[in-house]
Amino acid sequence: MLYAFGFETVGVVVGDLYFVDPDPLPGQESPERGVRIEVRLLLRKDLPGSIYSAQPIVVDRPVWRADLLESVGSPGSFDRTHHHPRFAGWEPGERQFEEEMTADPLGFVGSQLGDLPAVLDRAGIDPLEVPATDADALRRSVPEILEAAGRLLERVRSGELARPPEDAVTSARVGWL
């Protein structure tokens with residue numbers, strides 16, 4: 001499942017995720033599942049027809065990512081929860097594990113989303129690329145974004161979302177993000 005929140009040039013996408021990683025970090029060899037939240041830049045394309053045509057929208061370049069993950073065998077533990085404050089193109093930087101994030105994942109995400117200028121700065125993005133109105137609109141939308149993420153986490157833990165692939169595989173990423 002995918003939720004998208006769009007502002008003028010910044011968007012936040014939230015989706016469930018299931019991973020089987022053939023080359024895991026030490027101590028993280030089992031599959032993981034949870035919710036991924038990304039801040040992305042948005043592009044609005046030219047209308048392909050009349051002013052009544054559907055608006056093409058591109059959820060583009062990643063800025064910041066939070067992975068509210070846990071090993072499949074440890075529901076509720078948030079033992080794999082981390083974030084990526086910077087990307088090199090489309091590739092995330094190293095996983096950053098924060099005690100504060102593991103203790104209160106949604107609170108940590110809310111504090112990050114509430115300070116878009118700091119997120120952009122850590123990501124190496126010129127703040128002039130994003131209008132100040134986006135930071136204000138995103139800050140006001142944080143409760144709604146966290147509510148959506150919380151609902152997805154509940155559905156992941158119930159087994160409804162972030163499910164493993166049907167076939168036995170050694171590598172998989174199941175989800176929109």
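The values are calculated or read from the model by the stated rules, or taken from the named source; none is laboratory data. Just so we're clear, the structure is a prediction, and the values are computed from it rather than from any experiment. Don't worry about glycine lacking a Cβ; one is built from the backbone with ideal geometry, like all the others, and counts go over all protein chains shown.
Structure notes:
- Among the residues making up segment 63-87, a single one is small (Gly, Ala, Ser) and within 24 Å of ALA135 (Cβ to Cβ): ALA66.
- In segment 32-41, the residue that is surrounded by the most Cβ atoms within 10 Å (Cβ to Cβ) out of those that are touching a residue at least 60 places away in the same chain (Cβ under 8 Å) and closer than 30 Å to ASP126 by Cβ is VAL35.
- Leading residue by the ranking (farthest from PRO85 (Cα to Cα)) among those in segment 1-49 that are among the polar types (S, T, N, Q) and at pLDDT below 95: SER30
- Residues that are among the small types (Gly, Ala, Ser) and in contact with a His (Cβ under 6 Å, 6 or more places away or on another chain), drawn from segment 30-81: ALA66
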